[in-house]
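Quick notes on the structure that follows.
The values are calculated or read from the model by the stated rules, or taken from the named source; none is laboratory data. Owing to the predicted nature of the structure, the values given are computational and were not obtained by experimental measurement. Cβ placement follows ideal geometry from the backbone for every residue including glycine, while neighbour counts extend to all protein chains displayed.
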Amino acid sequence: MFHKIIKEIKKYDTIVIARHIGVDPDALCSQIALRDSLRLAFPKKKIVAVGSSSIKFAELGSLDKTEDYQQFLLIVLDTPDRKRIDFSQVEKADSIIKIDHHPYIETYAKIEYIDDQKGSTCEILMEFLKKMRLSCTSSIARTLYTGLISDTNRFLFDSTTSSTFEIVSYYLKKYPFLLSDVYKSLYMRPLKEVRLQGYIGENLTLTENGVLYIELSNEDILRFKADSASAGNMINNFNFIEEALVWVIITEDIKNNNIRVNIRSRGPVINQIAEKFHGGGHAFASGAKVSCFEEAELLIQDLDEVCKEYIKVCEENENNIE
C-alpha cells in the first residue's frame, strides 16, 4: 500500500495535506512531518499543510496559508470520515489519499491506508518514511515522536506495542534529538491552566455507574483566563481515578458556537456514543460536539448506560469463572 501512495504522490505537482477539525498534536505533527519530508524528497512540487491553527500547539510547527488550489492531490491524515476534514476544498481534489489509525467509518479516498492497531498516525508515518526511504531529519523525527507520545499518552495506552518501541528506537538512533525538548513543548503550561485543572478536580460529578464528568461554561473558562481547548486537553490528566470507568470534560466553545466533549474510558466502548453525538474516535478515546448542555446531559446518560452494561457483563464473566 505504501508503494501505491508514493506512486500517487508522484503524479501531482501540487499536494495539500489536511487533517481533522479540532487540531491535536498527532494530527498536526503528522501533517507537518509529512509535508517537510515530501518537500525534501520532491523539491519541485508545491506541498502545503493546511487547517485551523491553535496557539496552544504553536511550538509544534506552523501550517501554510490556504489558497485556491487547482489540480491537486489531497492527503488527509488522522481523519476517519469526510465531514471532519478541516479543509473547504475537498470536493475540488483530483485525488484523495487517507492515512489513519482510527476505526473505519467510511470510504472517501481513492487510496485508504488504515491501521487501527497503531496508537497514532505519526507512528504509521514513521513506518512509511522508513520503508519508502523518504527524506528525514532530526527535526522531522522529533515532530513525529511528539505526535506519537501525545496520542499514546507517553506510551500508557494499550495501542503501544513492541513495534512502537522498535520504530521509536530506530528514529532516535538515526535522527537524534533531545527528548526533554519534546516534553517541554507538550507539557509546559501556565499557572492559570494548573488552577483550571484544580477547579475541574474539585467539581467533577460521578454518576451511579461510573461516569465522571464536568460541564464548563464559557464563564468558567474566562474566570481562569484560559480557553476551551485547554480544558479539553486536560482529559488525560484524570486517567487514574479509581471510581471512574469513563471520564468526560464538556466545554462550551463560544468561538465555534458549540460544546466540545472529550471522552476517555477504562473498559466500556465509547466511540459509538461519540458518533451518535456528531463525533467519533477510538474505542476508549473519543470526542463529540453538541449544541447545548441539555444535549450533553443526554450523552452522559448514554455513557452511563454503556457503563451499566459493561459492569453487568464483567460481573457475569466473574460468576462464570467461579
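For every residue, the table says whether it meets (1) in contact with a Ser or Thr (Cβ under 8 Å, 6 or more places away or on another chain); (2) assigned by TED's automatic domain parsing to the domain that holds LYS255; (3) farther than 15 Å from THR143 by Cα.
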| residue | (1), (2), (3) |
| --- | --- |
| LYS46 | yes, no, yes |
| SER52 | no, no, yes |
| PHE57 | no, no, no |
| LEU60 | yes, no, no |
| GLN71 | yes, no, yes |
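Does any residue of segment 12-20 turn out to be out of contact with any Lys or Arg (no Cβ under 7 Å at 6 or more places or on another chain) and surrounded by fewer than 23 Cβ atoms within 10 Å (Cβ to Cβ)? It would help to see each step written out before you state the result.
Filtering segment 12-20 down to residues out of contact with any Lys or Arg (no Cβ under 7 Å at 6 or more places or on another chain) leaves 12, 16, 18-19.
Filter again for surrounded by fewer than 23 Cβ atoms within 10 Å (Cβ to Cβ), leaving 12.
Checking segment 12-20: at least one residue is out of contact with any Lys or Arg (no Cβ under 7 Å at 6 or more places or on another chain) and surrounded by fewer than 23 Cβ atoms within 10 Å (Cβ to Cβ).
Listed here are the residues, each with its yes/no results for (1) at pLDDT below 95; (2) in contact with a Lys or Arg (Cβ under 9 Å, 6 or more places away or on another chain).
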{"site": "SER159", "(1), (2)": "yes, yes"}
{"site": "LYS173", "(1), (2)": "no, no"}
{"site": "MET188", "(1), (2)": "yes, no"}
{"site": "GLU193", "(1), (2)": "yes, no"}
{"site": "GLY201", "(1), (2)": "no, no"}
{"site": "GLU208", "(1), (2)": "no, yes"}
{"site": "SER217", "(1), (2)": "no, no"}
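Would a scan of segment 224-233 turn up a residue that is surrounded by fewer than 18 Cβ atoms within 10 Å (Cβ to Cβ), over 21 Å from the mean Cα position of the chain (by Cα) and more than 23 Å from ILE21 (Cβ to Cβ)? Spell out how you get there, then give the answer.
We begin by selecting, within segment 224-233, every residue surrounded by fewer than 18 Cβ atoms within 10 Å (Cβ to Cβ); these are 225.
Subset that is over 21 Å from the mean Cα position of the chain (by Cα): 225.
Now restrict to residues that are more than 23 Å from ILE21 (Cβ to Cβ): 225.
Yes; the residues of segment 224-233 include at least one that is surrounded by fewer than 18 Cβ atoms within 10 Å (Cβ to Cβ), over 21 Å from the mean Cα position of the chain (by Cα) and more than 23 Å from ILE21 (Cβ to Cβ).
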- Which of the residues belonging to segment 98-120 are of a type outside the set (Gly, Ala, Ser), surrounded by 15 or more Cβ atoms within 10 Å (Cβ to Cβ) and either more than 30 Å from LEU156 (Cβ to Cβ) or free of Cβ contacts under 8 Å to residues at least 12 places away in the same chain (or both)? TYR108, LYS110, ILE111
- Message: Quick test for you: out of PRO43, PRO80, pick the one residue that is more than 13 Å from VAL16 (Cβ to Cβ) and free of Cβ contacts under 8 Å to residues at least 12 places away in the same chain.
- Response: PRO43
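Does LEU156 satisfy being part of a loop (DSSP other than H, G, I, E, B), loosely packed, with under 14 Cβ neighbours inside 10 Å and touching a helix residue (DSSP H, G or I) at 6+ places or on another chain (Cβ under 9 Å)?
On the way: part of a loop (DSSP other than H, G, I, E, B): yes; loosely packed, with under 14 Cβ neighbours inside 10 Å: yes; touching a helix residue (DSSP H, G or I) at 6+ places or on another chain (Cβ under 9 Å): yes.
Judged against the criteria, LEU156 is a match.
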- Of residues in segment 253-304 being among the aliphatic types (A, V, I, L, M) and part of a strand (DSSP E or B), the one nearest to SER120 (Cα to Cα): ALA285
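Of the residues ASN218, ASN271, ASN239, ASN209, which is in contact with an Asp or Glu (Cβ under 9 Å, 6 or more places away or on another chain) and in contact (Cβ under 8 Å) with a residue 60 or more places away in the chain?
It is ASN209.
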- Message: Can you find a residue that is surrounded by 16 or more Cβ atoms within 10 Å (Cβ to Cβ), more than 22 Å from the chain's Cα centre (by Cα), farther than 16 Å from GLY281 by Cβ and modelled with pLDDT of 95 or more anywhere in segment 71-86?
- Response: yes
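Please give the strands (runs of 3 or more DSSP E) falling wholly within segment 16-134 in which 1 or more residues are under 23 Å from VAL168 (Cα atoms) and of a type in the set (Asp, Glu). Walk me through it before giving the result.
Numbers: elements: 46-49, 73-77, 95-100, 111-114.
Per the criteria, 95-100.
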- Message: Name the single residue that is surrounded by the most Cβ atoms within 10 Å (Cβ to Cβ) among those in segment 180-203 being in a helix (DSSP H, G or I) and of a type in the set (S, T, N, Q).
- Response: GLN197
